[in-house]
1. Any idea which of Glu668, Glu697, Glu684, Glu661 is closer than 30 Å to Tyr326 by Cα and surrounded by fewer than 16 Cβ atoms within 10 Å (Cβ to Cβ)?
2. Determine whether Cys104 is at pLDDT 95 or above and assigned to a strand (DSSP E or B).
3. Which one of Ile693, Ile659 is outside any helix (DSSP H, G or I) and under 21 Å from Val597 (Cα atoms)?
4. Please enumerate the residues belonging to the stretch 391-426 that are in contact (Cβ under 8 Å) with a residue 60 or more places away in the chain, over 12 Å from Leu221 (Cα atoms) and surrounded by fewer than 16 Cβ atoms within 10 Å (Cβ to Cβ).
5. Can you find a residue in the stretch 602-614 that is in a strand (DSSP E or B), touching a residue at least 24 places away in the same chain (Cβ under 8 Å) and over 21 Å from Ile725 (Cα atoms)?
6. Return the residue satisfying two criteria in turn: it lies in the stretch 427-448 and is closer than 27 Å to Asn354 by Cα, touching a Pro at 6+ places or on another chain (Cβ under 9 Å) and at pLDDT below 90, and of such residues it is surrounded by the most Cβ atoms within 10 Å (Cβ to Cβ).
7. List, please: which pairs have Cβ atoms under 7 Å, are six or more places apart or on different chains, and start with a residue in the stretch 247-262 that is outside the structural domain of Ile444 (by TED's automatic domain parsing) and surrounded by 14 or more Cβ atoms within 10 Å (Cβ to Cβ) and end with one that is among the charged types (D, E, K, R) and at pLDDT below 60?
8. Out of all the residues in the stretch 247-269, which are modelled with pLDDT of 90 or more and either in contact with a Gly (Cβ under 9 Å, 6 or more places away or on another chain) or of a type in the set (Asp, Glu) (or both)?
Amino acid sequence: MFTSEFEPVYCIEGGTLQLKCTVYSETINVHWFKGDIEIKETENMHIIWADKTHLITFKHAKVSDSGQYWIVAGKVQKQLEVTVQALFKRQLKNITIMEGLEACFECEVEKPYPGVWYKDGKELKSSSNIKIDTIQESVHKLTIFQTTLDHKGKYEIKINDILSGADLDIKEIPDAIKQMSEHDRSIFLEAAKNGTAARYNIRIILVGKQRVGKTCLLRRLMNEGIEGVESTDGINIEVKKCKINLQTKEWIFTKGNESPLSEYPNDQYADCGFWNFAGQKEFYATHQTFLSRNAIYLLVVDVSEDFEMNTFENMIENQYDRIGEYINFWLDNIHCYTVNDTDEFMIPESNLLNPPVIMIGTSMDKVKDREKTKDSFATYINKLLREHPKRKHLRKLCFLSNTKPSKDKNEFQTLRNDIFDRAKEIPKWGDNLPTRWILLEKEIDRFIHIEEFVISYDMAKILASKCSFSLKEVTLELDSFLKYEHDIGNLIFFEDIKSYIILEPKWLVDVFKCFVSPFQFQSQYINMPEWSSLQSTGHLSKILIKKLFSKVQVLNETEHEAFVVEEMNEKKKFALQIMKKKKAFVLQIMEKFDIIVKPIKIEKNEEYYMPCMMEASGFNQILDTFKVRNNKCSRTSWFGLQFNFLPPAFFNHILVTFIKEYSLCIVEGGRLALYRGIGVFDFEDSKCLKLVICLSENSVAMQVWQFKNGEGICYHENRKYLTHIVSFLQQKYRINIPFRCFLKCPDGTHHEIAERIYLNILNDVSKTALTYCHEHKNHTLDELRRYWFKVCIKSLGKGQIVTREQQSGFTDRTCDTCCLCKASKHWSFKLLVPHLTVEFKFLVSGF
């Protein structure tokens with residue numbers, strides 16, 4: 001029947017495949033089979049014959065066309081082995097990579113065909129960031145040099161009508177890393193090249209007035225009893241006390257000798273830490289240190305209290321008379337961490353803002369009509385918040401009783417589920433970190449598990465080496481890792497004082513509580529005049545420091561056995577030297593957080609002051625101390641910043657910055673002119689110019705007291721210094737506190753809002769127009785602003801007499817008096833103190 005030989009047929013995928021046979025007679029019918037199925041003609045496959053030759057042609061061969069074929073002619077059949085070789089020797093592979101790294105797709109083909117690249121179905125071309133090339137004609141490469149989130153998608157290459165595809169998944173750089181320097185970002189990305197993994201963290205912060213049940217609520221959430229609960233002294237941090245299963249939402253707690261939580265896999269469980277903030281006003285100077293935008297806030301309120309009841313709690317200088325004022329205070333604090341009302345701070349399609357707040361009404365067992373109380377409180381909150389953007393943080397109102405819960409305590413399980421659901425809304429939920437960074441986190445957790453909360457930097461380097469940190473650059477990468485962990489609140493580390501690392505913020509909180517605490521927690525010092533001096537003058541004596549340190553176990557000389565592992569076997573003398581270094585380190589940390597400060601009143605000053613612990617003083621009393629209201633002193637107008645909301649700790653940062661820059665005045669008895677919310681500083685060696693900076697409700701104001709002829713002196717550099725400080729601190733602490741600049745008459749009181757003139761309206765008012773001052777006389781706008789803004793020489797009239805001193809404020813360029821809207825810009829500056837004394841009169845000629 002057949003006159004042809006049947007050799008195995010070989011073809012490359014995508015090429016033309018032909019199967020051929022010849023028979024000895026034209027009348028013989030030939031049928032083609034693959035396996036048991038007869039082959040029929042299709043669009044891609046044609047069957048033809050001519051004379052004695054029979055031919056089957058596959059236009060684009062597929063790998064699936066491989067196999068055993070049978071050619072049947074009459075009762076005779078022959079077998080033909082067909083192999084279609086895949087075009088791609090190496091297919092494209094899926095890539096998961098950290099944002100910012102280089103991504104490279106590569107494939108290899110059997111024959112040198114040209115290829116076309118696609119992303120999500122659209123053809124790609126080479127560009128400055130994308131390179132398409134071919135190596136030795138058979139290897140095709142697509143390189144994206146610096147990936148962004150926009151590069152995420154499906155990538156394909158078509159060669160000879162054959163597609164190979166793969167997915168590119170881009171992991172976003174953690175927000176904290178984005179805020180770091182370019183050097184630290186480079187270190188992070190280099191570490192990410194060796195692999196990344198997701199890590200989930202939930203920080204839960206409990207806030208509210210004292211004695212409303214925050215600590216009891218924390219106990220209930222942790223499945224603990226509430227027996228023996230005492231008022232929280234400062235901040236109680238329970239970090240990584242539980243894990244949450246990401247799939248089932250189950251909360252897992254460990255007790256006693258159970259397996260440590262660090263053994264649970266990071267990709268299946270979330271770490272959950274609780275921060276319980278005390279309600280007493282004395283602690284507010286330290287609270288801001290531990291607040292975070294990436295947290296869930298539980299705002300606790302005792303709904304059994306009368307919503308209108310006076311509480312008479314002196315919080316900073318203003319009275320908080322009602323529950324609503326506490327609610328406003330904490331929501332305002334939280335709202336500061338919304339940098340803007342868009343992007344990652346908005347919950348998609350909900351118009352809500354992060355961080356989320358769950359408001360919890362406690363003491364429901366004390367109310368007579370529960371449903372009526374719920375409705376009344378909800379109505380009250382609605383009226384209280386009205387249309388203020390801060391209400392967008394509020395997610396839910398919960399009502400419960402800590403002391404008399406339901407039989408099955410389902411209300412607390414419901415709250416746990418709500419917390420977990422809110423956590424998934426927070427930006428950067430599930431940060432992706434280099435794998436070796438996560439390993440180092442686990443090493444740190446093991447130290448914390450055995451209550452070793454402070455380790456040396458040398459010990460940290462040993463741990464980093466164990467976790468495969470680069471031996472050549474272990475210090476550089478370790479520093480970047482520690483800065484990241486510091487920024488997200490897992491530990492305390494400062495690059496310029498890195499002799500020790502505080503692994504557990506709870507340890508630092510315990511130190512803070514020894515220093516910053518209301519007298520109810522410090523009554524054991526009632527016999528110490530140094531404590532009274534701290535409250536009245538802010539002076540933190542060495543004797544008092546030593547006494548306060550004795551409350552911290554690892555800083556107590558009688559407790560040297562509590563030191564960390566690397567010190568455990570040292571001799572006592574050496575151990576005490578280490579402890580001395582630790583005490584110095586703790587003081588440096590407190591300086592970093594602006595809790596304590598060394599004034600620059602004298603060189604090599606080693607005395608510490610703690611402004612946040614001082615008692616309030618009347619401003620009139622301070623005026624009398626400096627004899628400001630006599631004829632020998634003239635006062636400039638007030639220049640100030642009015643904030644929508646000013647966190648208590650923020651003014652403390654401002655005041656401490658001034659104390660580091662200026663010399664505080666010394667008053668009778670040798671005490672420094674430092675008061676609660678007020679500082680008075682000498683401007684020059686003669687001490688005839690004094691700068692006072694004051695806090696009032698949501699505002700900061702400054703004035704210069706001139707005990708010499710200060711006519712014509714302009715203090716515009718000092719104005720710029722204040723605004724620069726505020727801008728710098730906003731960036732440093734990553735909070736948003738908008739402000740407006742204002743002026744006020746010299747003899748006015750800085751805290752009165754009524755007579756303030758805001759700079760955004762000054763350009764619309766005549767310079768010589770009078771402004772009514774109900775406290776004193778009328779003033780022109782020129783009189784108010786000339787102390788703080790340079791005078792544009794082009795605005796002076798012909799023949800106007802100008803003193804030599806006034807020339808220091810002149811400029812022939814555009815001035816900020818004429819562009820007052822620039823008052824809130826970021827300035828680079830060098831503080832200059834005007835001290836000209838020689839007068840020289842001249843005439844301003846025409847221009």
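1. Exactly one of Glu668, Glu697, Glu684, Glu661 is closer than 30 Å to Tyr326 by Cα and surrounded by fewer than 16 Cβ atoms within 10 Å (Cβ to Cβ), namely Glu697.
2. Taking the combined requirement at face value, the residue satisfies it.
3. Testing whether each residue is outside any helix (DSSP H, G or I) and under 21 Å from Val597 (Cα atoms) leaves just Ile693.
4. Across the stretch 391-426, the qualifying residue is only Thr403.
5. So far as the stretch 602-614 goes, yes, one or more of its residues are in a strand (DSSP E or B), touching a residue at least 24 places away in the same chain (Cβ under 8 Å) and over 21 Å from Ile725 (Cα atoms).
6. Going through the qualifying residues, I end up with Asp431.
7. Close Cβ pairs satisfying both conditions: Leu261/Lys240.
8. Selection gives Glu250 alone.
The values are calculated or read from the model by the stated rules, or taken from the named source; none is laboratory data. In this text, all values refer to a predicted model and were calculated from it rather than measured experimentally. Glycine gets a Cβ as well: all are built from the backbone with ideal geometry, and neighbour counts include every protein chain shown.
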